[in-house]
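Written out below as structure tokens is the structure these notes cover.
Computed from the coordinates by the stated procedures, all read-outs in this text should not be read as laboratory data. Note that the structure is a prediction, hence the values are computed from the model and not measured. Here the Cβ is made from the backbone with ideal geometry for all residues, glycine too, and neighbour counts use every protein chain on show.
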Amino acid sequence: MWRPRTRFAGQRGGTTVEFAMVGTLFFLLLLATIEIGRAMFTWNALTEATRLGARAAAVCSVQSNSIANAALFNSTQLVPGLLAAHINVSYLDAGGAVVANPAPGNAAGFNNVRYVQVSIRGYDLHLMIPGFGSITLPPFTTTVPRESLGIVPSEAAGC
């Protein structure tokens, strides 16, 4: 029986080897694109978390639980692994120094508060690519002017 001769008769499996090389590169780029997208989402979510926490700190009572709750997106786990321990609230005077005792009972400290600052520190972004572990993101900070700090005459603060 007659069979047509091909030039590549002795190169069986060449296509499989080429696909293995090109496919590995393709899937590596695909996973890297997904990871960069996740990292950008987490970066933006942490920035928004500090903004929400600072807004809550400006209008709620000093060291209220509502501040961390707002920064955690009302406990929805929007950012996996973000805990109240990552959130730091500071009350600052006009020069930017931390006020030692900003509680409403301490008039000297409470009246010196001019800004509130919420920061997220020590958050680790766990990567989904095997063998790459995690990345510790830099601190995220938002500072806003103080508002009522939970003291609202004749009405509830709403925090």
The size of the Cβ-based charge dipole (Lys, Arg +1; Asp, Glu -1) of the chain about the Cα centre, to the nearest 20 debye, is 920 debye
Expressed as a whole-number percentage, the relative contact order of the chain with C-alpha contacts under 8 angstrom and at least six residues apart is 24 percent
Projected onto the charge dipole of region 18-145 (unit charges on the beta-carbon of Lys, Arg, Asp and Glu, signs +1, +1, -1, -1), the Cα from CYS60, VAL22, ASN106 with the largest positive-side position is that of ASN106
Once phi for every residue in region 43-59 is put through the Karplus expression 6.51 cos²θ - 1.76 cosθ + 1.60 (θ = phi - 60°), the whole-Hz ³J(HN,Hα) values, with Gly and Pro written as x, are 4, 5, 5, 5, 5, 5, 4, 5, 5, 5, x, 5, 5, 5, 5, 6, 10
Applying the gyration tensor rule to the Cα atoms of region 18-145 (axes a ≥ b ≥ c; rounded if a/c under 1.5, else prolate if a/b exceeds b/c, else oblate), the class is prolate
Residue separation between MET128 and ALA84 times 0.36 nm, minus their alpha-carbon distance, gives in nm 13.5 nm
Of the residues GLY131, ALA32, SER75, the Cα lying farthest along the dipole of region 18-145 towards its positive end, which is defined by charges on the beta carbon of Lys, Arg, Asp and Glu, belongs to SER75
Using alpha carbon centers only, region 56-79 is separated from region 87-138 by a whole-angstrom value of 12 Å
Residue separation between LEU137 and GLU35 times 0.36 nm, minus their alpha-carbon distance, gives in nm 35.3 nm
Shape call for region 9-86, from the Cα gyration tensor axes a ≥ b ≥ c (a/c under 1.5 means rounded, otherwise prolate when a/b beats b/c, else oblate), comes out prolate
Most packed first (mean Cβ within 10 Å per residue), the peptides 105-111, 125-131 order as 105-111, 125-131
